[in-house]
Amino acid sequence: MTGVVNFAVEVGSKQLGLLHELVPRTTTVAALFNPNFAGTEKLLGDAEASARVLGLQLIVLKASTEEEIETVFATVALQGAGALLVGTDSFFTARRDQIVALAARNKLPAIYGLRDFVVSGGLMSYGTDFADAYHQAGIYTGRILRGEKPADLPVQRSTKFEFVINFKTAKALGIEVPNSMQLLATEVID
């Protein structure tokens, strides 16, 4: 058995740190997770530990249906969260347009785990560079097709990350992106 795995569920603390850097006056952050996703506990634990270190109050919200996503955003507004961390999950990815639209409607700065959210109008993302991970998997596939045994190939972790910022969304939210964050970004969308 071999393959390439990614850090999709181990980046919650970095995401929360970037969100805090962008909106430093925010003291309460909502975190949206899917309770049915296997990586939720790891994501949640990482985010809670980071929130304690950063001195942030973390409001944990869970959704596994489109209706629950709508309800979550109403709760975020009522509880006074100033920013949102969206957990990495294929359910959320499939509903990214809904989530991005709700974040925009509620004027909520949000960070996501996939660049697709930022391309769809989300504020920013930080996570595994999946194009690189797929490239690594392709290399492994080629090696196997040339006769190497999968059992002889170690499991690799994709170690390339991408940080994407949408300047148009930042402007719409009234957020000025600091130069330090602009320099860290692997991609900027205007």
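The values are calculated or read from the model by the stated rules, or taken from the named source; none is laboratory data. Computed from a predicted structure; not experimentally measured. Note that each Cβ is placed from the backbone with ideal geometry, even for glycine, and that neighbours are counted across all protein chains shown.
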Legend entry - segment 147-172 - residue that is touching a helix residue (DSSP H, G or I) at 6+ places or on another chain (Cβ under 8 Å) and assigned to a loop (DSSP other than H, G, I, E, B) and, of those, modelled with the lowest pLDDT: SER158
Inset, instruction - Could you tell me whether any residue of segment 5-18 is touching a strand residue (DSSP E or B) at 6+ places or on another chain (Cβ under 8 Å), aliphatic (A, V, I, L, M), closer than 28 Å to LYS168 by Cα and not in a helix (DSSP H, G or I)? - result: yes
Legend entry - Filtered residues of segment 173-190 (kept if assigned to a loop (DSSP other than H, G, I, E, B) and either farther than 18 Å from VAL11 by Cα or of a type in the set (Phe, Trp, Tyr) (or both)): LEU173, GLY174, ILE175, GLU176, VAL177, PRO178, ASP190
Inset, instruction - Could you please let me know if LEU58 is surrounded by 19 or more Cβ atoms within 10 Å (Cβ to Cβ) and touching a helix residue (DSSP H, G or I) at 6+ places or on another chain (Cβ under 9 Å)? - result: yes
Legend entry - Filter result (of a type in the set (A, V, I, L, M, F, W, C) and outside any loop (DSSP other than H, G, I, E, B)) within segment 20-40: LEU22, VAL29, ALA30, ALA31, LEU32, PHE33
Legend entry - Within segment 41-86, tally of residues that are basic (Lys, Arg), part of a helix (DSSP H, G or I) and in contact with a strand residue (DSSP E or B) (Cβ under 8 Å, 6 or more places away or on another chain): 0
Legend entry - Residues satisfying the stated conditions in segment 155-182, i.e. farther than 17 Å from LEU19 by Cβ and within 19 Å of the chain's Cα centre (by Cα): ARG157, SER158, THR159, LYS160, LYS168
Inset, instruction - Determine whether segment 35-44 contains at least one residue that is of a type in the set (A, V, I, L, M), more than 18 Å from LEU16 (Cα to Cα) and surrounded by 15 or more Cβ atoms within 10 Å (Cβ to Cβ). - result: no
Inset, instruction - State all residues of segment 171-190 that are of a type in the set (A, V, I, L, M) and out of contact with any strand residue (DSSP E or B) (no Cβ under 8 Å at 6 or more places or on another chain); if no residue qualifies, say none. - result: ALA172, LEU173, ILE175, LEU183
Inset, instruction - Evaluate segment 58-65: report whether one residue or more is touching a Lys or Arg at 6+ places or on another chain (Cβ under 7 Å) and of a type in the set (A, V, I, L, M). - result: no
Legend entry - In segment 157-190, residue nearest to ARG115 (Cα to Cα) [restricted to those that are surrounded by fewer than 15 Cβ atoms within 10 Å (Cβ to Cβ) and among the charged types (D, E, K, R)]: GLU187
Legend entry - Residues (closer than 22 Å to ARG25 by Cα and either of a type in the set (Phe, Trp, Tyr) or surrounded by fewer than 15 Cβ atoms within 10 Å (Cβ to Cβ) (or both)) located in segment 78-105: LEU78, GLN79, GLY80, ARG105
Inset, instruction - Write out, first by first residue and then by second, each pair whose Cβ atoms fall under 6 Å of each other, whose residues are 6+ apart or on separate chains, and whose first residue, in segment 28-50, is polar (S, T, N, Q) while the second is surrounded by 17 or more Cβ atoms within 10 Å (Cβ to Cβ) and assigned to a loop (DSSP other than H, G, I, E, B). - result: THR28/ALA81; THR28/GLY82; ASN34/ASP89
